[in-house]
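**Q** Mind having a look at this structure? Questions to follow.
Please treat every number below as a calculation from the coordinates, not as lab data. Every value quoted in this text rests on a predicted model; they were computed, and no experiment measured them. Glycine gets a Cβ as well: all are built from the backbone with ideal geometry, and neighbour counts include every protein chain shown.
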């Protein structure tokens, strides 16, 4: 297994490589969330006049958009990066005997740091925009953990199969793009055709995105039953992905 210090070192190196060569360095980790949230909340909400049905605040749609995109970005980036981690780190795998599934932890850690920075900036925006502070924010860490367990399962399964099917990286990218637009993040669910609306209950991403919308936009409690179902599904997927990996582990190491 990877030690905590090794995961921490890989996470730090990931941030260093991401902003290598730039004058501001890691400060970009704060600048990008600031710029993105300004676009979501101020540009869409106030300048373009986008409104959320049933909400009186001029920032309501911006908060709706931002809260969904922050959660989706952490999820999609984790799945996308985890899906190729074995191929990207094959030089390390060939030199050091380590648990390959544990290698995904540094990706999840790096995306979690980015998520926390973005959420911190988001809360500052909410404060200065005089948006009501969410009453059920304490359940947000649980929602985030569930979505990342789900991301880990998908990422591990894709990482294992990508060793043998190199085109899977592109397939994952296309699937995430389609998945994004099938999930009510930039639009509300009510505008969907009835048949598509009914299919939404089979969309796992809708559960954690809707939970964020309920917490930040409607100041309401997430649907606990849906969260529990997603929790079970996420852990089952993670277990299944690990079983598939263990079955193919020898071949994975040989192909790398």
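**Q** Cα gyration tensor of region 123-185, axes a ≥ b ≥ c as square roots of the eigenvalues: rounded (a/c below 1.5), prolate (a/b > b/c) or oblate? Working shown, then result.
**A** On the way: a/c = 3.70, a/b = 2.23, b/c = 1.66.
Because a/c hits 1.5 or more and a/b exceeds b/c, region 123-185 counts as prolate.
**Q** With the cut-off at 1.5 for a/c, could you classify region 149-231 from its C-alpha gyration tensor as rounded, prolate or oblate?
**A** Working: a/c = 2.54, a/b = 1.69, b/c = 1.51.
Taking the square roots of the gyration eigenvalues as a ≥ b ≥ c, region 149-231 is prolate.
**Q** For semi-axes √(5λ) of the Cα gyration tensor in Å, which listed value, (i) 33, 22, 16; (ii) 36, 21, 20; (iii) 33, 19, 18, comes from the coordinates shown?
**A** (i)
**Q** From the Cα gyration tensor of region 102-217, with a ≥ b ≥ c the square roots of its eigenvalues, which class applies: rounded if a/c is under 1.5, or else prolate if a/b is larger than b/c, or else oblate?
**A** Details: a/c = 2.31, a/b = 1.29, b/c = 1.80.
It comes out oblate by the Cα gyration axes.
**Q** Can you give the relative contact order of region 4-255 as a percent, counting alpha carbon pairs under 8 Å and 6+ residues apart? Before the final figure, lay out each step's value.
**A** On the way: 260 pairs, mean separation 64.2, N = 252.
Computed over region 4-255, the figure is 25 percent.
**Q** Here is a further query. How many nm is it between the label spots at residue 87 and residue 197, if each spot is 7 Å from the Cα in line with the beta carbon?
**A** With each label placed 7 Å out from Cα toward Cβ, I get 4.1 nm.
**Q** Of 164, 182, 38, which has the largest mean-square fluctuation in a 10 Å C-alpha GNM of the chain?
**A** 164
**Q** Give the calculated FRET efficiency between residue 95 and residue 18 to the nearest 0.05, with a Förster radius of 25 Å applied to their Cβ-Cβ distance.
**A** Efficiency, rounded to the nearest 0.05: 0.65.
**Q** Something else about it: Can you tell me the length gained on complete extension of the stretch residue 228 to residue 255, counting 0.36 nm per residue apart and subtracting the Cα distance? Show your work: numbers first, answer last.
**A** Values: separation 27, 0.36 × 27 = 9.72 nm, distance 3.79 nm.
Contour length minus the Cα-Cα distance gives 5.9 nm.
**Q** With r as the distance between the Cβ atoms of residue 170 and residue 244 and R0 = 22 Å, compute the FRET efficiency 1/(1 + (r/R0)^6) and round to 0.05.
**A** Values: r = 21 Å, r/R0 = 0.94.
So the FRET efficiency works out to roughly 0.60.
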